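Single-structure report; data block below.
The values are calculated or read from the model by the stated rules, or taken from the named source; none is laboratory data. Everything numeric in this text was worked out from a predicted model, so none of it was measured. Note: ideal-geometry Cβ built from the backbone for every residue, glycine included; neighbour counts use all protein chains shown.
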Amino acid sequence: MNAKPRIYLQPALTLAVLTLISSGCTVATHYKKPDLPVPEHFQAAPGSEESNLDEWWQGFADPELKELVAKALQSNLDIKSAVSKIRQAREQEVIVGAAGLPSVGASGAGVQLYSKSNPLAGLAGGGGSSGGAASTDSSTNLHVYALALDASWEIDLFGGVRSGVEAARATSEAQVWQLRDVEVSLSAEVANDYLALRALQARRAVLAASIDHENELLQLASARQSAGLANEVDVNQERTQLARDQAQLPQLEAQAGATTNALAVLLGETAEGIQSELASMPATTEATPEVGQKLPAGLPSDLLRRRPDVRMAERRLAAATDQVGVAVAKLYPSFDLIAAASLASSSPSSLLSMRNFAALGIGDVMWPVFAGGRLRANVRATEEERAQAYLAYQSAVLAALQDAETAIVRCTTEERRLELLQGYVGAASSTSHIAADEYRTGIADFTTVLTAADAELDARDAVVQSRQSLAQARISLYKALGGGWSESDAPVSARRN
């Protein structure tokens, strides 16, 4: 009788065949970054060139602001949470990628069986009832030692695992851009709160100077009343004006305290930690921080590269596209290779002998013939997720363009307003001094003096608020243009696209 023929395939040849099959049968979707149309230039700033926005807060020429932003970027809790999410996403990459690699396990066992009876003899057909005494005296003392190695590999024939790896990688990159977006928003919020605090302190200084001036006017009115040159109405009017302005001080102090608390949260510490370093107040309006540098807005196409939220939306679209490939691959058969090898012996000294070696190899194919429409529904669901991600990407681009246009208009209009208000301050201050001098000589009545003083206070307060509004408008522009992070700081994986 002839033996059955056996066919042996060399491992290298087998791997080559599988690779060729795999490359030809993949059903993974191939992602391509969408090319969305954007305007050639901003309507409010045509022909602008891109500026360096990495550390835009340097333009305010305020060392304390620079220190606060650096501290926030280091200690803010949202920053730390975003960094943790990046680490989590990168570990998920490893988890997903492991599905495309062989799984290997090893085990070992040592067994000792002792029994006063001989159950094994009964199983083998010995130890009959006629040998009662001998059977009772018999015993079992068995030793078994074993080593085993098993391996399994699901061949990624249709690219499902590769699509999953690409989706996980795109998700990690989206988390990187999420961190950059947090950095952009955080630096803008710190600058906004800091400059708002300085503006409140400046307004308080302006109000305090006005109160000092009104005390002088009260003394003047009282002196003229004592000399019979003025009546009690003048004195009461000034007392009323003085009391009204004094009542505004607690309100400004309360707003300053609330702003300090908000700033402390951004820095990841309590308000007591920064209270002393922020307690100093500018003595005059001119001592308030700079309003920032006027900068070219750049081109709308720069937003697709500079804005982290746009980059994040694009990476999420890539991940959603790759997930479609994962879902489609589940419609096709899965191929598994399973191998096992073992060594077993009754003695540890002979355990490694090849005569105790046994091996097993299995090739397994599973095709989901019927799943109640679940798999195809899963494909359609992931396609809808991809459509939603595409719409979100479009929305992010449109929102970025809108933010930039709005911020440019705000900067332009507030610059003109501040220029007009500064002229208003000069005129109001001159009028107030003239009215006071004329009152001393009896030419003007006290109502004219009060009106002029009130107008000067309003003008100076309006200038401080306009400077703050202009600074905030420029901060909004820096943020809208995606400023606050450096390309050199971004991980390589986040700079590939």
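Hey, any hits in the range 316-339 for a residue that's hydroxyl-bearing (Ser, Thr, Tyr), under 26 Å from the mean Cα position of the chain (by Cα), modelled with pLDDT of 80 or more and assigned to a helix (DSSP H, G or I)? Yes; the residues of the range 316-339 include at least one that is hydroxyl-bearing (Ser, Thr, Tyr), under 26 Å from the mean Cα position of the chain (by Cα), modelled with pLDDT of 80 or more and assigned to a helix (DSSP H, G or I).
Answer yes or no as to whether ALA146 is under 30 Å from GLY100 (Cβ atoms) and at pLDDT 90 or above. No: the conditions fail for ALA146.
Filter the range 161-212 down to residues that are within 25 Å of LEU73 (Cβ to Cβ) and basic (Lys, Arg) and give me whichever is nearest to the chain's Cα centre (by Cα). Out of the qualifying residues, it is ARG180. Listed by position, the helices (runs of 4 or more DSSP H) contained in the range 204-286 that have at least 2 residues being touching a residue at least 40 places away in the same chain (Cβ under 8 Å) and closer than 20 Å to ALA462 by Cα are 232-246, 248-266.
Only residues that are in contact with an Asp or Glu (Cβ under 6 Å, 6 or more places away or on another chain) and either closer than 16 Å to LEU421 by Cα or in a helix (DSSP H, G or I) (or both) were counted in the range 441-467, giving 1.
A single entry from LEU113, LEU77 fulfils the requirement of being surrounded by 11 or more Cβ atoms within 10 Å (Cβ to Cβ) and either modelled with pLDDT of 90 or more or in contact with a Phe, Trp or Tyr (Cβ under 8 Å, 6 or more places away or on another chain) (or both): LEU77. For the range 336-368, residues that are without any contact (Cβ under 8 Å) to a residue 24 or more places away in the chain and in contact with a Pro (Cβ under 6 Å, 6 or more places away or on another chain) total 0. When you look at SER107, is it more than 38 Å from the chain's Cα centre (by Cα), at pLDDT 90 or above and either not in a loop (DSSP other than H, G, I, E, B) or not polar (S, T, N, Q) (or both), yes or no? When the stated conditions are applied, SER107 passes them.
Only a single criterion out of (1) of a type in the set (Ser, Thr, Tyr); (2) crowded, with 21+ Cβ neighbours inside 10 Å; (3) outside any helix (DSSP H, G or I) is not satisfied by SER152, namely (2). Each residue in the range 223-255 was checked for being at pLDDT 90 or above and among the small types (Gly, Ala, Ser), and 3 pass.
ALA28 meets all of the listed conditions (1) modelled with pLDDT under 80; (2) more than 24 Å from LEU391 (Cα to Cα) but one, namely (2).
Taking the conditions (1) within 30 Å of SER466 (Cβ to Cβ); (2) basic (Lys, Arg); (3) touching a residue at least 60 places away in the same chain (Cβ under 8 Å) in turn, ARG440 satisfies each one other than (1). Being at pLDDT 90 or above, crowded, with 17+ Cβ neighbours inside 10 Å and touching a Pro at 6+ places or on another chain (Cβ under 7 Å) is the requirement here; does ALA205 meet it? Considered against the rule, which asks whether it is at pLDDT 90 or above, crowded, with 17+ Cβ neighbours inside 10 Å and touching a Pro at 6+ places or on another chain (Cβ under 7 Å), ALA205 comes out as yes. Screening ARG311 on (1) closer than 22 Å to SER172 by Cβ; (2) part of a loop (DSSP other than H, G, I, E, B) shows it passes everything except condition (2). Set side by side, the residues LEU343, LEU360 differ, and just one is in contact with a helix residue (DSSP H, G or I) (Cβ under 6 Å, 6 or more places away or on another chain) and assigned to a strand (DSSP E or B), which is LEU343. Hey, any hits in the range 429-440 for a residue that's modelled with pLDDT of 90 or more, among the hydrophobic types (A, V, I, L, M, F, W, C), part of a helix (DSSP H, G or I) and surrounded by fewer than 18 Cβ atoms within 10 Å (Cβ to Cβ)? Yes, there is a match, as at least one residue in the range 429-440 is modelled with pLDDT of 90 or more, among the hydrophobic types (A, V, I, L, M, F, W, C), part of a helix (DSSP H, G or I) and surrounded by fewer than 18 Cβ atoms within 10 Å (Cβ to Cβ).
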